[in-house]
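The values are calculated or read from the model by the stated rules, or taken from the named source; none is laboratory data. What you see is a predicted model, and the numbers here were worked out from it, not measured in a lab. Here the Cβ is made from the backbone with ideal geometry for all residues, glycine too, and neighbour counts use every protein chain on show. Please note that ligands, DNA and RNA were not included when accessible areas were found on the heavy atoms of the full protein model with its side chains. Shrake-Rupley method; radii C 1.70, N 1.55, O 1.52, S 1.80 Å.
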Amino acid sequence: MQDADILIAGAGPTGLMLAGELALAGVDVAIVERRANQDLAGSRAGGLHSRTLEVFDQRGIADRFLAEGQKAQGAGFAGVHFDLSGFPTRHPYSLGLRQNHIERILAGWVDELKVPIYRGIEVTDFAQDNTGVDVELSDGRSLRAQYLVGCDGGRSLVRKAAGIAFPGSDPTTSNLIAEAELAETPPEWGIRRDALGTHALGRVEYEIRNGEIIYADHGPVGVLVTEQHVGETTEPTLSDLSAALITVYGTDYGIHSPTSISRFTDAARQAASYRNGRALIAGDAAHVHPPDGGQGLQTGVQDAMNLGWKLAQVVKGTSPESLLDTYHAERHPIGARVLRNTMASIVLRREDERTKALRDTIAELLGMDEPRQWLAAEMSGLGIHYNLGEGHPLLGRRMPDLDLVTANGPLRLFALLHNARPVLINLDASGEFDITPWADRVQLIDAKYDGVWELPALGAVTAPTAVLVRPDGYVAWVGDRHSPGLAEALTTWFGPPAAA
Ligand SMILES: Cc1cc2nc3c(=O)[nH]c(=O)nc-3n(C[C@H](O)[C@H](O)[C@H](O)COP(=O)(O)OP(=O)(O)OC[C@H]3O[C@@H](n4cnc5c(N)ncnc54)[C@H](O)[C@@H]3O)c2cc1C
């Protein structure tokens, strides 16, 4: 075990993604993880939405997930599912893949990038000074780093030790989620809703055929059941699970041999700040909310994508520390929207007559093209917009994965991002750019693109002449050789020009 420039607490999806990003940027990074191995007890996230798949595609690892998952139209809001088939993305669908597999694949990537993961050890405290952080570990040792990032989940030690407030709403519902065996087969699998809330029973193993979930004939069963009371603080037991099932289904189907039982609620909380000096937080450490809409893992992975390259540049001395302020400025509003959407979704799931009336009204509204596209862009992550000022609609939005033609032949735009380096793409055959003072950091590509420019929910936009794309795939500047602001954008995002 040795000191590192960046220490990450937690090797969940967020910590793994961040570690990969930092390693790609050539930064010395290590993870401290409480779990002895990557195994995940029980099921959590059930898949990946479009933008998360794009994010993996930007690093050349999307195929690893696609090879194991099942494509489905899985994005939805309050029970209304969105068909993303016509969306302008290479991934107009969700991918059904359980979190244990997502984590295993990410851990494999991080391993290839040679990031040390110190397993079976917890971060117990830390102290920061002007030059770094001393991180205390559960085995009595300590490590020194320039920055500590808490990717340590909803009960984040790093967030608490950094004194970052976690305001939000208390739970109004409580659910048990478990994997176990049933002695009797229920008359039907799937979701049931009643006045208490939402419940579901289904075999852990399933297939998606023609968009329908087909459960396996045998094997363990995934159980989701809403509890009658909120506020239990003890660890849930088999008898809690059995009692909750009997309340809802009138029987517990002879449930036995659980491999996992956990409790989650609809509490929604967000960190007041994503950074306090040399301590940062990302993923569930920064925001918790109900699992409705399957947003948590996606938001965490995308927090990591936003933070990784910025932190790398600060540690390398290419950019001032103030670049880190843009992490909170960009990601906090995105997290707040996720909280808002999931809270609204939870309310709309209630089964009383008034809520049903509201849900039907929303469903009618979502039958119209524009609202449907807007919300589909929101829930799939494709509509994310960072406020980078006024200008072309691409500014602050994700760069589409265009089929470019370059002097070296055809090239997918995302291939230019595989190494997590920024790129200025010149689409104007009549002129050239000179970015020599940033040439050590920013790629410059002359390319041709003849297709349409279409953004999710926004539709067709004017073809730009040149775009500056950040390592996270978001557009930092749009213009041509004569437009102002390129040098400023390069300096803001990738540091001051190198001396001639
Ligand atoms: C029932 C349920 C269903 C869900 N469904 C979805 C879904 O469909 N889609 C979706 O996107 N999200 C879903 N989520 C949310 C998703 O599981 C989380 O958002 C995601 O796991 C967050 O990842 P993370 O890496 O930020 O945190 P975590 O996954 O919580 O990982 C934190 C890691 O830090 C480690 N750790 C904790 N404390 C310490 C410490 N002090 N020192 C060292 N290590 C530490 C933990 O062992 C863990 O490995 C669901 C969640 C639940 C509960």
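Summary of values
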read-out: Positions within the range 447-457 being at pLDDT 95 or above and open to solvent by 20 Å² or more (accessible area, probe 1.4 Å), in sequence order; value: K448, Y449, E454
read-out: Residue ID - most open to solvent (accessible area, probe 1.4 Å), chosen from residues in the range 70-98 that are within 22 Å of R349 (Cβ to Cβ) and either polar (S, T, N, Q) or near the ligand (Cβ under 10 Å from one of its atoms) (or both); value: Q73
read-out: Residue tally, condition assigned to a helix (DSSP H, G or I), over 29 Å from the mean Cα position of the chain (by Cα) and closer than 16 Å to P471 by Cβ, over the range 415-448; value: 1
read-out: Residue under evaluation I255, criteria (1) under 17 Å from N341 (Cβ atoms); (2) open to solvent by 10 Å² or more (accessible area, probe 1.4 Å), criterion not met; value: (1)
read-out: Top-ranked residue of the range 52-61 - restricted to ones that are crowded, with 17+ Cβ neighbours inside 10 Å and of a type outside the set (F, W, Y), ranked as nearest to the ligand (Cβ to nearest atom); value: T52
read-out: Test result for L388, among the aliphatic types (A, V, I, L, M), touching a residue at least 60 places away in the same chain (Cβ under 8 Å), surrounded by 17 or more Cβ atoms within 10 Å (Cβ to Cβ) and not in a helix (DSSP H, G or I); value: yes
read-out: Test result for S138, near the ligand (Cβ under 10 Å from one of its atoms), open to solvent by less than 10 Å² (accessible area, probe 1.4 Å) and among the hydroxyl-bearing types (S, T, Y); value: no
read-out: Residue count, the range 11-38 (criterion: near the ligand (Cβ under 10 Å from one of its atoms), assigned to a loop (DSSP other than H, G, I, E, B) and either acidic (D, E) or closer than 11 Å to E103 by Cβ (or both)); value: 4
read-out: Within the range 200-227, tally of residues that are of a type in the set (D, E) and buried (at least 16 other Cβ atoms within 10 Å of the Cβ); value: 1
read-out: Members of the range 155-173 that are surrounded by fewer than 21 Cβ atoms within 10 Å (Cβ to Cβ) and within 12 Å of the ligand (Cβ to nearest atom); value: R155, L157, K160
read-out: Hits in the range 483-495 (condition: without any contact (Cβ under 8 Å) to a residue 12 or more places away in the chain, open to solvent by 70 Å² or more (accessible area, probe 1.4 Å) and either within 16 Å of V423 (Cα to Cα) or touching a helix residue (DSSP H, G or I) at 6+ places or on another chain (Cβ under 6 Å) (or both)); value: E488
read-out: Subset of the range 39-51 that is within 14 Å of the chain's Cα centre (by Cα), of a type outside the set (D, E, K, R) and within 8 Å of the ligand (Cβ to nearest atom) - its residue that is most open to solvent (accessible area, probe 1.4 Å); value: G46
read-out: Count of residues meeting criterion [part of a helix (DSSP H, G or I) and surrounded by 13 or more Cβ atoms within 10 Å (Cβ to Cβ)] in the range 341-355; value: 9
read-out: Among (1) buried (at least 20 other Cβ atoms within 10 Å of the Cβ); (2) more than 9 Å from the ligand (Cβ to nearest atom); (3) at pLDDT 95 or above, the one test that D266 misses; value: (3)
read-out: Selection status of R64, outside any loop (DSSP other than H, G, I, E, B), modelled with pLDDT of 95 or more, more than 12 Å from the ligand (Cβ to nearest atom) and closer than 30 Å to F264 by Cα; value: yes
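Results for (1) within 29 Å of the chain's Cα centre (by Cα); (2) of a type in the set (G, A, S), shown as yes or no for each residue.
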site	(1), (2)
E181	no, no
P187	no, no
G211	yes, yes
V221	yes, no
S239	no, yes
